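Engineer: First, the structure itself, so that you have it in front of you.
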Amino acid sequence: MRLVAGIDSSTQSCKVTVRDLDTGACVREGSAPHPPETIVDPEVWWTALLAAVDAAGGIDDVLAVSVSGQQHTPIFLDVSGAPVASSPLWNDLGSHPHMLALNAELGRDTWIRRTGLPLTLSDTVVKARWLRDEEPDAAARTAAIAVVHDWLTWRLRGFGPGTGGVDELVTDRSEASGTGYWSGETGEYTRDLLLHAFGHAVVLPEVLGPLDRAGVTADGLPGIPPGIPIGVGSGDNAAAALALGLAEGDAVLSLGTSGVVYARTAAPVHDYAGYVCSYADATGDHLPIVATLNAARNLQVGAEVLGCSHDELAALALSAQPGAEGLTVLPYFEGERTPDLPHARGAVLGASLRNFTRANLARAIVEGTVASQVAMLDALAACGVRSRRLLVIGGAAKNPAVQRVLAELVDLPLAVPAPDEYVAKGAAMQAAAALTGVFPEWPAEIVAMSPAPPAPQIVRQHHEAQIALGYVVGRQPAPAHV
């Protein structure tokens with residue numbers, strides 16, 4: 001059996017999957033946690049990678065490896081290859097004022113026109129401004145900026161603190177497209193934008209093609225043999241799209257730490273309404289994305305508040321009627337990215353002595369979570385990206401209450417791919433390409449969701465709650481017809 005390995009360095013953990021090159025079947029896997037903080041020492045990601053490799057039984061028998069990772073999150077390196085400061089994760093909210101400053105200085109439309117990104121607090125260029133303003137001494141010592149997947153790939157090649165070699169950093173189109181200083185039209189960095197944000201020029205990783213090799217593994221890495229090919233790697237959503245075999249007309253809703261909706265397109269998009277980020281995918285096409293900060297964690301909060309398991313939360317929600325008798329939850333527990341409400345917090349509205357029951361609260365938490373994600377489909381459609389099918393993945397995808405509410409709000413075919421580590425699988429497919437020169441054909445098993453009668457009152461209540469708290473103005477939207 002010929003084996004390849006994919007590594008997913010996500011927000012919460014590092015996962016390693018070892019796959020049969022011919023079939024894509026998972027042979028073994030391992031994982032290691034990441035710390036919960038949102039500003040961390042980059043070394044934790046390398047330590048977790050080595051621990052996850054060990055938990056997977058090592059990769060001594062693997063022919064190629066590749067890394068995917070959380071997008072945006074920067075590592076700021078000095079000339080010796082050592083981090084100059086801890087790294088703010090993509091979901092750290094401290095960079096919001098720096099995002100506002102960059103938009104004010106150049107105009108929001110400039111960023112959209114030049115990079116396809118309506119700047120958010122997550123983008124790498126915004127984190128660069130954060131470092132310049134908050135830790136100017138560290139910024140002055142910064143010689144190169146990479147993101148997590150770039151850093152880990154570089155470490156696999158034998159570089160690291162004290163080795164130098166920052167000019168050996170490499171990345172891919174998907175990661176470059178999430179920085180805020182790369183153009184989907186030209187395929188080149190917009191270095192003047194980073195210079196404006198950061199104040200001085202730095203080394204940026206070379207952008208490799210989808211089937212390129214990043215190099216080979218170095219000597220002396222625990223559990224990792226030397227000399228095996230390393231795939232180019234990618235951002236997490238690009239890897240998942242690759243693993244799902246995403247085609248034009250498909251959209252994906254990923255319900256993980258954040259909620260993400262994305263679709264594959266042949267050309268970049270520019271959303272001057274400010275919701276859709278025009279990223280690149282792992283194949284040479286594009287992957288316009290809309291994201292929320294709050295998704296599956298909302299269900300965990302609900303289960304904890306109600307003192308029940310996730311299965312019991314779903315059963316409670318399904319026992320209530322659509323609309324939860326007027327009870328509405330806006331689940332902005334960590335602020336929000338879409339809409340742009342970094343200082344908002346979760347809210348319960350419309351509670352009365354009659355409707356404030358465990359079942360209705362469970363239902364309202366699920367409805368609020370799903371309604372927030374469905375609004376992202378409408379944002380894609382407004383950019384001309386219309387979907388014929390929605391695939392639902394992530395930790396909450398199998399929750400029957402989530403499936404039911406989605407079916408009530410979305411009038412296009414819904415399907416759930418079989419549970420799998422799709423980001424790690426996509427990375428393994430890139431490892432295979434580094435070995436063979438082509439992506440393997442590893443089809444995903446996909447099961448259709450049951451339809452449900454439409455429940456437009458859910459969207460109406462969600463919108464009315466936003467108006468009541470001053471978050472939006474205007475007429476209520478129609479349910480998603482995309």
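Coordinate-derived values only; no laboratory data. These numbers were taken from a predicted model, which means no experiment stands behind them. Positions of Cβ are backbone-derived with ideal geometry, glycine not excepted, and every protein chain shown enters the neighbour counts.
Engineer: List every residue whose amide H lies under 5 Å from the amide H of residue 341, counting only residues 5 or more places away in sequence or on a different chain, with H placed 1.01 Å from N in the peptide plane.
Structural biologist: 336
Engineer: I've got another one for you. For region 1-72, state which GluC sites (Glu not before Pro) are in a DSSP loop and have at most 13 other beta carbons lying within 10 Å of their beta carbon.
Structural biologist: 37
Engineer: Shifting gears a bit: ³J(HN,Hα) across region 102-110 via Karplus (A = 6.51, B = -1.76, C = 1.60, θ = phi - 60°), whole Hz, x for Gly/Pro?
Structural biologist: Whole-Hz 3J(HN,Hα) from phi for region 102-110: 5, 5, 5, 6, 10, x, 4, 5, 4.
Engineer: Sequence neighbours fewer than 8 away in the same chain don't count; with that in mind, list the lysines whose C-alpha is under 23 Å from residue 425.
Structural biologist: Answer for residue 425, where 23 Å is the Cα cut-off: 15, 398, listed by chain and number.
Engineer: Also, quick follow-up: Could you compute the net charge surrounding residue 379? Neighbours are other residues with a C-beta less than 15 Å from the C-beta of residue 379; K and R count +1, D and E count -1.
Structural biologist: Net charge around residue 379: -2.
Engineer: Now for a separate question. First obtain the Kirkwood hydrodynamic radius of region 211-259 from its Cα pairs, then insert it into the Stokes-Einstein equation at 10 °C and 1.306 mPa s, and state the resulting D in µm² per second as a whole number.
Structural biologist: Result for D is 117 µm²/s.
Engineer: What are the residues whose amide H is under 5 Å from the amide H of residue 332, where those residues sit 5 or more places off or on another chain and H is modelled from the backbone?
Structural biologist: Amide H to amide H, under 5 Å and 5 or more residues apart or across chains, residue 332 pairs with 346, 347.
Engineer: Which whole-number percentage describes the relative contact order of the chain, with Cα contacts under 8 Å and a sequence gap of 6 or more?
Structural biologist: Relative contact order here is 16 percent.
Engineer: In a shell of Cβ-Cβ distance under 13 Å around residue 48, excluding residue 48 itself, what net charge do Lys and Arg (+1) and Asp and Glu (-1) give?
Structural biologist: Neighbourhood net charge equals -2.
Engineer: What does the net charge come to around residue 166 if you take all other residues with beta carbon closer than 14 Å to its beta carbon, with K and R at +1 and D and E at -1?
Structural biologist: -2
Engineer: Next question, about the same structure. Name the GluC sites (Glu not before Pro) in region 223-325 that are in a loop by DSSP and that have at most 14 other C-beta atoms within 10 Å, would you?
Structural biologist: 248
Engineer: Still on this structure, please answer the following. Kindly provide the chymotrypsin sites (Phe, Trp or Tyr not before Pro) of region 262-359 that DSSP labels as loop, not H, G, I, E or B, and whose Cβ sees at most 12 other Cβ atoms within 10 Å.
Structural biologist: Those satisfying the criteria are 272.
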